[in-house]
Structures are given as structure tokens and as C-alpha cells.
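Participant: Input: one structure, supplied below.
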Amino acid sequence: MLEIQGLTKCYRNNPVVNDVSFTVRPGEVTGYLGPNGSGKSTTVKIITGLIEATTGTVLLDGRDIREDPMGFRRRLGYVPEEAILYSYLTGLEYLELIGRLRGLDPGEVERKANGLLELFSLQSYRHASISTYSKGMKQRVLISAALLHDPDVLILDEPLSGIDVTSAQLFRHLLNELASQGKTILYISHVLEVVEKVCARVIIIYKGRIMAADSVERLRDLMNVPSLEGIFSQLVEERDLEGVARDIVATIQTRA
């Protein structure tokens, strides 16, 4: 189980994440939602070790990840929001590099890399430079790299960015299969309808604070709204978005 306890991150004494606590349980997909600037990315960067928290603790199976950061990273698969890859490598070369960095057996890396590229419909491009890949193809390579070492914990930050409909459907099935294998999965996304379909629980953060943490079904009942979009709007939106949309149209249609 992944536990986040009292996480705070301050920049110039201003908290961007403020006393955030939640758990991500094995065997289920937990959604982490919030508008831009809410603190999602900062939370993820702290959990993955990219930045340090001002205060607070991240535990995996009851142990502070700072006690053995390399051990934690060996158990972690991470898909970052931005698809930053070595564009001069081929898709196969990139996965082979990741496998070597993970300390996997070369034969195992070759087998897994080719298998993942085929299953993600990238086999015919395996010897092509990543610089020629579309955004969706790069995203599939990132997902393959995150899965290559069979991690216990998966942190997926907007993993469907740029991915086509068929690949997105495959990914939703993949998430369910990984959860059924006991993986601990934190899923960060703006696409609420996907989150509603794949996540057993959701955590909603706004202005650095947790606003809700429960199953979608319970939140629907508690807030008496029919969808996750309605829950999200009630918790984090301060403006009448329909009214703002009308004002935008009125503004662009105004003639001097």
C-alpha cells in the first residue's frame, strides 16, 4: 500500500501542496484529480522522488521511501505527463536502454520489449527513430517502459495524452488487468469520463488541499449528483462555466 501522510510543499513560504494525506491500495486504481495548479503534479513529483517535500512522508508497505530510495524506484513504474524520450533512439533501443538501467537480463529485455511493442501496435516501427513517432506512439513507448520491469506500483500522469481511441480502450482494459494482479495504481487525469470508468476511488485536490477521497458511487450519493463531472464541478469550480462560455461568445461577436 502507498501512503501519503501530511505532505506539504512550499515555494517562498507559499504552500502549493498543503497537508495532503491519502492512501493508494493494492488491487485497485485510484484517481487523482484537480484543475491546473491544484497541486497534482507537485504531489506526483514528490512521490516519484523528483523533488523533496517541505514536510510529510511517503510510505510503501509501511516503510518511508527515503530509507531506501533505490529500492522504491525498482518497484515503481512511472509514466510522466510529458513524453520526454531520447528521440535519436529507436523504440526498441529505448526499451533496451530502460531494461539495462533496471538491471534486467538482456534476453528478458529483448523478449519483453518486442512483446510490448507488438501488443501496443509498434512492432513495425521498432527500428524507426523515435523522432519520427507521433505523440500517441511516444506515449505507448513510455507506457511500455513503465511496465517493462513488472513494477508493484504504477503512477500514471495523463497516460492517454495523444493516444487514439483504440489504444485508449486497450489501456482501460490494461488498467483493470493490472489491478486484478494486485498492482498499486495512482492514475492522474483530466479526462473525467475515463476516470469514472476505471477508478475504484478518486481523490480530488484543489488549491493544494484534499477536497474529497472516496468511491465515485459514494460521492455521487453524498453530493446527490449523477456523475463525476458534477462532483468535480461542485467541489472545485467557483465560476458559472456556462455563463462564462456565453460571455466568451458575446465578446468575440462584439463589433466595434
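The values are calculated or read from the model by the stated rules, or taken from the named source; none is laboratory data. Owing to the predicted nature of the structure, the values given are computational and were not obtained by experimental measurement. All Cβ positions, even for glycine, are placed from backbone atoms using ideal geometry, and neighbour counts span all protein chains on display.
Participant: Does any residue in segment 42-60 that is without any contact (Cβ under 8 Å) to a residue 40 or more places away in the chain come within less than 7 Å, Cβ to Cβ, of a residue that is small (Gly, Ala, Ser) six or more places away or on a different chain, and which pairs are these?
Facilitator: Short answer, once both residue conditions are applied: Ile46/Ala53.
Participant: Within segment 6-36, track down each residue that is surrounded by fewer than 18 Cβ atoms within 10 Å (Cβ to Cβ) and either among the small types (Gly, Ala, Ser) or not assigned by TED's automatic domain parsing to the domain that holds Gly62 (or both).
Facilitator: Within segment 6-36, Gly6, Ser21, Gly27 qualify.
Participant: Okay, next question. Mind checking which helices (runs of 4 or more DSSP H) fall wholly inside segment 37-143 and carry at least 3 residues that are in the same structural domain as Thr8 (by TED's automatic domain parsing)?
Facilitator: So the answer is 40-47, 69-74.
Participant: Further question: Considering only segment 151-176, state which residues are under 15 Å from Gly31 (Cβ atoms) and either of a type in the set (Gly, Ala, Ser) or not in a helix (DSSP H, G or I) (or both).
Facilitator: Once the filter is applied, which keeps residues that are under 15 Å from Gly31 (Cβ atoms) and either of a type in the set (Gly, Ala, Ser) or not in a helix (DSSP H, G or I) (or both), segment 151-176 yields Leu154, Ile155, Leu156, Asp157, Glu158, Pro159, Leu160.
This table checks each residue for (1) modelled with pLDDT of 90 or more; (2) among the acidic types (Asp, Glu); (3) within 15 Å of the chain's Cα centre (by Cα).
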position: Arg100; (1), (2), (3): yes, no, no
position: Asp105; (1), (2), (3): yes, yes, no
position: Tyr125; (1), (2), (3): yes, no, no
position: Asp150; (1), (2), (3): yes, yes, no
position: Leu154; (1), (2), (3): yes, no, yes
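Participant: Residues in segment 22-34: is at least one assigned to a loop (DSSP other than H, G, I, E, B), farther than 27 Å from Leu174 by Cβ and not aromatic (Phe, Trp, Tyr)?
Facilitator: There is no residue in segment 22-34 that is assigned to a loop (DSSP other than H, G, I, E, B), farther than 27 Å from Leu174 by Cβ and not aromatic (Phe, Trp, Tyr).
Participant: Same structure again: Being of a type in the set (S, T, N, Q) and out of contact with any helix residue (DSSP H, G or I) (no Cβ under 6 Å at 6 or more places or on another chain) is the filter; apply it to segment 166-217 and report the residue that is modelled with the highest pLDDT.
Facilitator: Thr184
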